[in-house]
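Step one of this worksheet: look at the structure below.
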Amino acid sequence: MENHTTRPHHVAVVGSGPSGFYAAAALLDAEPDVRVDMFDRLATPWGLVRAGVAPDHPKIKSVSGQYDKTAAREGFRFFGHVCLGEDISREELLERYDAIIYAVGSQTERRLGIPGEDLPGSIASVDFVGWYNGHPDYVDLAPPLATERAVVIGAGNVALDVARMLLLPEADLRSTDTADHALDALVASSVREAIICGRRGPREAAFTTTELRELNDIEGLAVVADPEQVPADIADDDTLPKATRRNLELLRGFAENAPGPEAEHRMEFRFYRSPVEIRGDGRVEEIVLAINRLETGDDGRTRAVDTGERETVATGLVLRAVGYRGLALPGVPFDDDTGTVPHTEGRIDGEGHDREYVVGWIKRGPSGIIGTNKKDANETVRHLVADLADREPVATDAGHHDTIETWLRDRCPDLVDQAGWQAIDAHERGRGETHGRPRVKVVDREELLKLSRP
Ligand code: NAP
């Protein structure tokens, strides 16, 4: 068998978000002569760092600097605007690469399954987040913002992100890289209030402390909660994890807030509420919420139980932020219950898949923060590298690297390579600089492709 130090391995990474980049970096660290080709269906890399992280969180987005360093390493190539399953197939990748790592994330929403869920004005957070972040698929969303109150379903960080984006003061919005179409719409919006509904209680909420704490610093925003739901002694229970207690202290602080007349905007946390119906004549006009009590199951997990009582809230906009969900990849095993690919520590399970691997949300489900993907990718890559060491390579000719590129360019004449992305990036940053913003995003596919051409 030929040693990999004399003939490099070729690995395809499908998806260019955090988990894809951490996998690429781990591979390049483990096998200095490995060739890593990263694919994305979009013309731009970085996945949720570009299209998911809220625009008013530039520090979180700055992690992209690490991805730039990985992209500059010997042996790495980026091929954007290439869609697996449309432009190229899994089988074609397996013919050309020693292994494939799928890093495609969770590209769709978890459904509520209630009447009225699809009324105009009821919007999945996946779409709303994509819209304000300039994801080309969601540019035309046009959320109805001529309503005073929005209701956000879910008690996680995405719920906080979307509620905050609706209520940020104009000056805060204008200094971000929010896509221009969304910036204009948000500045002109009539939304003054967002009610965040959690189906369980404050102890069970999935917010992280930093995200709750920063709400105190937003100009003109009154953040409130019901003192009966968040009583004065709620954080006293020292059997609770430290992070939960800190969150409860913050929520208790909100319960003590009385919105002053100076508050332009209002964010309310309302717990023990599940949506049961969204109603309206051709568009959202109100949402019916079930009032829940909590019950602890045999597994120790607390669950929400409907008391039968109902509450109706008038609103023109419902944002559903109850979690993301993975989509099946053509020819790759998929667990429909979890929305993930069945795997063992990153190695995809099932016959005929011994050269395929997963990382990130398509591996473990939509949980954790960006950094969580590093450990996750390292686990997968450790196994991949061990497997490569005793595997017969798929191609042995020295020109294989170039042959792949020729095939790809022939198949996808509009592909965007690293230089093409760098041209887009420089253009966006340049436009941002003149407006005191990190970047002004280009959201039109054709314009992106045009900018990427030499
Ligand atoms: P999440 O943290 O899993 O929260 C989902 C929320 O939806 C939970 O409160 C959940 O309640 C609720 N929910 C689920 N099904 C529901 C239903 N049928 N009816 C009502 N409520 C329902 O998910 P996420 O907010 O989408 O965030 C995804 C991941 O990205 C998380 O790990 C998050 O921390 C991370 N993230 C981080 C940041 C940041 O660091 N700034 C920003 C955004 C996202 P139950 O708990 O009762 O199931």
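The values are calculated or read from the model by the stated rules, or taken from the named source; none is laboratory data. Just so you know, these numbers come straight off a predicted model, no measurement behind them. Cβ: placed from backbone, ideal geometry, glycine included. Neighbour counts: every protein chain shown. Note: areas computed on protein heavy atoms with side chains; ligands, DNA, RNA excluded. Shrake-Rupley method; radii C 1.70, N 1.55, O 1.52, S 1.80 Å.
A few remarks follow.
- Along its first, second and third principal axes, ordered by size, the range 186-277 spans 46, 34, 22 Å in Cα coordinates.
- Sparse packing (at most 16 other Cβ atoms within 10 Å of the Cβ) combined with a DSSP loop state is found for the following GluC sites (Glu not before Pro) in the range 185-242: 219, 228.
- The angle between the Cα long axis of helix 400-411 and the main principal axis of the chain comes to about 60°, on a 0 to 90 degree scale.
- Residues whose amide H comes within less than 5 Å of that of residue 122, counting only those at least five positions distant or on another chain, are 284, 318 (H built at 1.01 Å from N in the peptide plane).
- In the chain, the portion of solvent-accessible area held by carbon and sulfur atoms comes to 47 percent [1.4 Å probe, whole percent, DNA, RNA and ligands not counted].
- log₁₀ of I(q)/I(0) at q = 0.26 Å⁻¹ - the range 342-413, Debye sum with one point per alpha carbon: -1.04
- Restricting the calculation to Cα atoms, the range 266-342 shows an Rg/Rh of 1.10 when the hydrodynamic-style radius is the Kirkwood one.
- Projecting the Cα positions of 312, 234, 280 onto the charge dipole of the range 199-355 (unit charges on Cβ atoms of Lys, Arg, Asp and Glu, taken about the Cα centre) puts 280 furthest along the positive direction.
- The slack between residue 77 and residue 335, meaning 0.36 nm per residue of separation minus the straight C-alpha distance, is 89.8 nm.
- Each Cα pair under 8 Å and six or more residues apart adds its separation to the average, and for the chain the resulting relative contact order is 22 percent.
- The H on the amide N of residue 223, modeled in the peptide plane, is under 5 Å from the matching H of 267, each at least 5 residues off or on a different chain.
- Kirkwood estimate for the chain, i.e. one over the average of 1/r between Cα atoms, Å: 23.6
- Gain upon complete extension [residue 375, residue 312; 0.36 nm per residue less C-alpha separation]: 18.3 nm
- 0 to 90° range, to nearest 10: angle between helix 418-434 axis and the chain longest Cα axis: 40
- Among the trypsin sites (Lys or Arg not before Pro) found in the range 277-368, those both in a DSSP coil and sparsely packed, with 12 or fewer other Cβ atoms within 10 Å of their Cβ, are 301.
- Using only side-chain charges placed at the Cβ, +1 for Lys and Arg and -1 for Asp and Glu, the dipole size of the chain relative to its Cα centre rounds to 640 debye.
- If R0 is 41 Å, the Cβ-Cβ spacing of residue 291 and residue 137 corresponds to a FRET efficiency of close to 0.70.
- Test item: Cα-centred dipole of the range 119-220, Lys/Arg +1 and Asp/Glu -1 on Cβ, debye: 540
- Rg and Dmax [Cα atoms of the range 297-454; Å; Rg one decimal, Dmax integer]: 22.8, 71
- Annotation note: GluC sites (Glu not before Pro) in the range 285-393 located in DSSP loop regions with a Cβ neighbour count of at most 12 within 10 Å are 345, 351.
- Positive-end residue, the range 1-150 charge dipole about Cα centroid, Cβ charges, pick of 24, 99, 88: 24
- Helical mean residue ellipticity (222 nm; -39500 (n - 2.57) per DSSP H run of 4+; nearest 500) of the chain: -9500 deg cm²/dmol
- Cα-based helix-to-principal-axis angle, 372-389 vs the chain, degrees rounded to 10: 20
- With DNA, RNA and ligands ignored, accessible area of residue 197 (1.4 Å probe; Å², nearest 10): 0
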